[in-house]
């Protein structure tokens with residue numbers, strides 16, 4: 001049983017991180033790891049585990065997903081999420097949704113209770129109402145720090161990442177359960193001051209999220225447009241399936257070579273069918289954590 005999670009990547013510098021802030025981020029990662037791993041050790045599925053871990057990260061206001069989502073150009077919260085399981089390659093995704101407390105839960109509902117893979121906007125919200133998913137009003141998603149981010153971005157009429165210092169705010173999880181099944185889930189609030197219903201890689205199966213029992217499970221965080229163009233999550237799986245590369249080899253090629261060549265910054269968490277974990281990134285840092293097959297826990301932010 002293996003679990004890995006991330007809370008976003010980007011220009012995360014020690015020089016701009018206080019000890020108190022670092023402790024809070026690490027606490028959020030720790031709580032999410034606990035939520036997901038408890039599911040696995042209780043005999044739950046990898047799908048249940050990644051949903052639990054991502055929902056925990058969505059509930060933690062310091063990560064740009066769920067409660068901590070950034071403001072769009074209209075001063076609203078517009079969220080995306082996806083989930084996928086590796087046994088039957090079933091997947092669900094939602095984009096451009098508002099007031100859903102846990103977008104990852106809606107993505108799973110789309111996967112299991114509809115004939116579709118992706119629903120968007122008002123239609124997805126209507127589907128959520130019909131299936132009794134939990135809504136929250138605007139005040140639940142209001143965050144003073146996020147509000148000031150949006151005000152600064154709006155003043156200059158620019159779209160920016162989660163933080164002005166280029167932090168790609170997305171959360172995600174990958175897991176392998178005792179049955180050998182893989183799963184992945186990803187959730188995000190997108191870019192501050194985003195316009196025109198912009199959608200990044202997080203809800204796109206094969207770009208930001210992918211799981212296949214024959215290869216691996218992947219959840220990405222980074223500059224979404226570049227991750228979409230590179231079909232990052234599926235590309236790693238393909239390199240393993242068709243070229244016989246290891247998870248590490250495939251991740252290194254995609255994250256440290258192919259993405260960099262087109263200016264793609266960010267990272268991902270990955271686990272393969274044998275329980276190997278990789279958490280590569282080409283940015284200054286990535287909020288990440290994992291529990292390996294031996295039960296060893298790791299939580300990190302920086303490169304070392």
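A simple spin-label model places pseudo-atoms 7 Å from Cα toward Cβ; at residue 139 and residue 293 they are separated by 5.0 nm.
Remark: the residue 114-residue 274 segment gains 54.5 nm on full extension, using 0.36 nm per residue and subtracting the alpha carbon distance.
DSSP assigns beta bridges within the stretch 8-156; of those with both partners inside it, close to 65 percent run antiparallel.
Highest mean packing first, where packing is the average number of other Cβ atoms within 10 Å per residue, the peptides 37-50, 94-107, 16-29 line up as 94-107, 37-50, 16-29. Reported to the nearest whole Å, the Cα centre-to-centre distance from the stretch 196-218 to the stretch 255-304 is 15. Peptides 80-89, 195-204 ranked from most to least packed by the mean count of surrounding Cβ atoms within 10 Å: 80-89, 195-204. Given the chain, what percent of its DSSP beta bridges are antiparallel, to the nearest 5? Counting DSSP beta bridges with both partners in the chain, the antiparallel share is about 95 percent.
Distance from the alpha carbon centroid of the stretch 125-144 to that of the stretch 43-58 works out to 19 angstrom.
Size descriptors for the stretch 2-299: radius of gyration and Dmax over Cα atoms are 17.2, 52 Å. If the chain linking residue 88 and residue 76 were pulled fully straight, counting 0.36 nm for each residue of separation and taking away their Cα-Cα distance, it would gain 0.7 nm.
Let me have the relative contact order for the stretch 2-299, percent, based on Cα pairs under 8 Å that are six or more residues apart.
Numbers: 814 pairs, mean separation 74.4, N = 298.
Relative contact order here is 25 percent.
Values in this text are rule-based calculations from the coordinates and carry no lab data. Quick caveat: nothing in here was measured; it's all calculated off a predicted structure. Note: ideal-geometry Cβ built from the backbone for every residue, glycine included; neighbour counts use all protein chains shown.
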